[in-house]
Amino acid sequence: MCKSDMNMKHVLDAVVKLVNTIRSRGLTHRQFRDFLQSVQSEYSDVLYYTKVRWLSAGCDFERVWQLKDDIVSFFHEKQCSSECEMLEDTEWLSDFAFFTDLLCHMNNLNVKI
C-alpha cells in the first residue's frame, strides 16, 4: 500500500546541505571541480539549488544523483565522510531516487505546459 503522506523534506534538506557544503566554500568548490576533472566525470560541477528556482529542482537533483559516487569519493578523499553518509544509506538513496524522478517528471510537465 502507498503511504497517504509523502514527506521528502529529509531528502531535500540533505541534498541542499550537501550542495551548499561543496559550493559555499571557494576552496572546496575548486577542489571538487578539479576532482571531477581528474576522474573524467561526465559533469564538471554540481548545480546550485535555490528556492526561487524550484521548478528546475529536478535538474539540480538529477545532477547530484548522477554525481553521487563522485561526491562520496571526494569526501572520503578529504576525510570528511560524515558530510555524505546519507549517500551510503540504501533507504535514504531510495527516497532520493524517487524524489529525483518525481521532480524530473514535474519539470518535464512544466516545460510542456
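Just so it is clear, none of the values below were taken in a lab; they were calculated from the coordinates. Fair warning: this is a prediction, and the values are worked out from it, not measured in the lab. Cβ sites come from the backbone with ideal geometry, for glycine too, and all protein chains shown count toward neighbours.
Most exposed first by the Cβ proxy, i.e. fewest other Cβ within 10 Å, how do D45, D34 rank?
Details: D45 15, D34 12.
Listing D45, D34 from fewest to most nearby Cβ atoms yields D34, D45.
Summing Cβ point charges (Lys, Arg +1; Asp, Glu -1) relative to the Cα centre of the chain gives a dipole of roughly 580 debye.
For the range 87-99, backbone phi angles converted through the Karplus equation (6.51, -1.76, 1.60; θ = phi - 60°) give residue-by-residue couplings of 6, 10, 9, 5, 5, 5, 4, 5, 4, 5, 4, 4, 5 Hz, Gly and Pro being listed as x.
What is the ratio of the Cα radius of gyration of the chain to 2.2 N^0.38 Å, with N the residue count, to two decimals?
Taking the Cα Rg and dividing by 2.2 N^0.38 Å, one obtains 1.10.
The Cα center of the range 96-113 and the Cα center of the range 19-40 differ in position by 26 Å. Directionally averaged projected area (the range 71-113, Cα convex hull): 3.5 nm². Each of F61, Q31, C80 was placed along the dipole of the range 5-111 (beta-carbon charges, centred on the mean Cα), and the one lying farthest toward the positive end is Q31.
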